[in-house]
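Here the structure is laid out as structure tokens; the discussion comes afterwards.
The values are calculated or read from the model by the stated rules, or taken from the named source; none is laboratory data. A quick note: this is a predicted structure, and the numbers were derived from the prediction, not measured. Don't worry about glycine lacking a Cβ; one is built from the backbone with ideal geometry, like all the others, and counts go over all protein chains shown. SASA here: full protein model, heavy atoms, side chains in, ligands and nucleic acids out. Shrake-Rupley method; radii C 1.70, N 1.55, O 1.52, S 1.80 Å.
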Amino acid sequence: MSRNPISTLLIMLLLAAVPGDAQTQSASRLEAAAAQRLEAIREHPQLLVPFLRQLPKGGDLHNHLSGAVYAESFLQYAADDGLCIDALALAFAPAPCDAAHGRPPASQAFADPVLYRQMIDSFSMRHFVPGPQSGHDHFFDTFGKFRLVSRPAHLAEMLAEVRARAAAENVLYLELILDPTGGAAARFAAGAPAPEANLEAARARVLAAGLNEVVNNARVNLDQAETKSQSLLHCDAPAPGQGCAVVVRYVAEVHRGLSPAQVFAEMITGFELAGKDSRLAGVNLVMPEDAYVEMHDFDLHMKMMDHLHGVYPRVHISLHAGELAPGLTPPEGLRDHIRKSIALGHAERIGHGVDVMYEDEARGLLRTMAQRHILVEICLTSNDVILGVRGGDHPLPAYLRYGVPVAIATDDAGVSRSDMTQEYLRAVETYGLGYRELKNMIRDSIEYSFLSGASLWMGSDRTGPNRRMNSACAGQGAAAIPSGPCKYFLSQSDRATVQWKLEQELRKFEGAASAVD
């Protein structure tokens, strides 16, 4: 793919000088050129991959930090920490090590090619072939195998890795799902009785017992990790490293496979954190949706979420729901998780939503999601390797047909051995998505993010293909230097600031696409 940088620069300078409708027409021509370029290379993966890598991708709204880190990094962490390998389980184990009895030091993997590749395969879906163990089970089992090094001790390194990788793929924004307490909230409530019918009394009692200390310590954990990650990325250097410009927010994870008391304590911790710290953008429930506790306690979890939403109405909620497929549960298990997550769990976004067409009155549910602007975080590779749902079995086309907003996401890129570019590649190759559809999804990934502040877009068209820019910035076409009123508007909104940056990057990308020979 060749580019003419002089032509691209001229296009950008001309656009900056063209006012109003003429600038809109020029922007439309550039968008059309990018769309034509995608169609010209659609059947040529070797050209399609760099096109999609260079495409500004907005935000990754469904990204589990512990699952985003590649296995090679975990091996290095374990070696640095002096941990061991359980050679039978192919998992990390605490010291002391004893190679003669199947517990070699983790560092030995770097000198033993067989052990090294076995560990990478054990920690990820690389080379996995379903057999006695399903893809679903192998995927979720990986997290226990590297848990010893995915705790707060290496949070800074993990943040630096995913930010650098996002920048390399032109992802501007990350919402990272994590437990900033490092398990402290769950330990705090271990052995406690289940919360009684009066959930508010239970919440007050838990906070009075000292949960606020867990909340405060979690904020300190994030402070320390962010400071160190900034250093690892050389963000204060004259030439900052990749990743420094990537905007990051966090979503507090709640482990719904734990006891009711622990789940409630983690929920409270997440809501308290999001209410006190702007870095915490929201709350989400994690762990396999089809497991016994998660299925048995689903309605109780929704009751808890309903109550806490009433106490903390400004805290955002995104819920894993419908990460299920026929056969994983009895048929009735597929009938209402998405609907209840929206109606009772107050989910503003749904993670996965794979079984939507198996829900009761599925078409009505899709219309409701479209009307209420409930975005679905689409994780194509994850849905394939975990659930075996791919191609025509995936509901992405149904969501698009009914006008439900969607955004492409990675889920657990390190475990899946994927990245954001590969997710876009799968979407384009499998579902024939065109450039304008991709661009709409990319814009929606910021529009439906949990960033604070007003949107750059306004009115009923703010999420459609004909969206209109806020009056303070209208007609400027994401110029390099916004006008005074626009600059002030952007300064008051994290969301609009990232959206403005995205529009600038999209314009540059389209200008480059139009200059291709």
Residue separation between ARG205 and SER452 times 0.36 nm, minus their alpha-carbon distance, gives in nm 85.8 nm
Is it possible to state the helix-based mean residue ellipticity at 222 nm for the chain, with each DSSP H run of 4+ residues giving -39500 (n - 2.57), the sum divided by total residues, to the nearest 500 deg cm²/dmol? What is it? -14500 deg cm²/dmol
Added length on full extension, which subtracts the Cα-Cα distance from 0.36 nm per residue, SER134 to ALA153: 3.7 nm
Among the lysines, select those whose C-alpha is under 16 Å from the C-alpha of LYS508, and discard any that sit fewer than 8 residues away in the same chain. LYS57, LYS439
Counting Lys and Arg as +1 and Asp and Glu as -1, what is the net charge of the other residues whose Cβ lies under 15 Å from the Cβ of ALA160? -3
What accessible area per residue, rounded to a whole number of Å², is obtained for the range 300-403 using a probe radius of 1.4 Å? 39
If you roll a 1.4 angstrom probe over the protein chains with everything in place, what fraction of the accessible area of the chain belongs to carbon and sulfur, to the nearest %? 54
HIS127 paired with GLU72, simple spin-label distance in nm, labels 7 Å along Cα-to-beta-carbon: 1.5
At q = 0.17 Å⁻¹, what log₁₀ I(q)/I(0) does the range 66-209 have when each alpha carbon counts as one equal point scatterer in the Debye sum? -1.02
Output wanted: per-residue J couplings in Hz (rounded whole) for the range 117-122, from phi through Karplus 6.51 cos²θ - 1.76 cosθ + 1.60, θ = phi - 60°, x for Gly and Pro. 5, 5, 5, 4, 5, 5
Can you run phi through the Karplus equation (6.51, -1.76, 1.60; θ = phi - 60°) for the range 438-454 and list ³J(HN,Hα) in whole Hz, with x for Gly and Pro? 4, 4, 5, 4, 5, 4, 5, 5, 9, 4, 9, 5, 9, 5, 7, x, 5
Highest mean first, what order results for 154-165, 202-213, 310-321, 487-498 on Cβ atoms within 10 Å? 154-165, 310-321, 487-498, 202-213
C-alpha long axis of helix 45-54 to longest principal axis of the chain, angle in °: 90
What does a probe at ASP98 reach in the range 74-90, counting residues whose amide N is under 16 Å from the point 7 Å along Cα→Cβ? 84-89
Can you return the lysines within cross-link range of LYS487? Criterion is Cα-Cα under 18 Å, with same-chain partners fewer than 8 residues away left out. LYS501
Which distance in nm do the two modelled labels at GLN242 and ARG187 give, with both placed 7 Å along the Cα-to-Cβ direction? 3.6
Neighbourhood net charge (10 Å Cβ-Cβ; Lys/Arg +1, Asp/Glu -1) for GLY270: -4
Sort by residue number and name the cysteines in the chain that have no neighbouring cysteine Cβ under 4.7 Å. CYS379
Between ASP306 and SER231, what is 0.36 nm times their sequence separation minus the Cα-Cα distance? Round to one decimal in nm. 23.0 nm
In this structure, the FRET efficiency calculated for MET357 and GLN36 from their beta-carbon separation, with R0 = 41 Å, to the nearest 0.05, is 0.75
So how strong a dipole does the range 23-85 carry about its Cα centre when Lys and Arg Cβ are +1 and Asp and Glu Cβ are -1, to the nearest 20 debye? 420
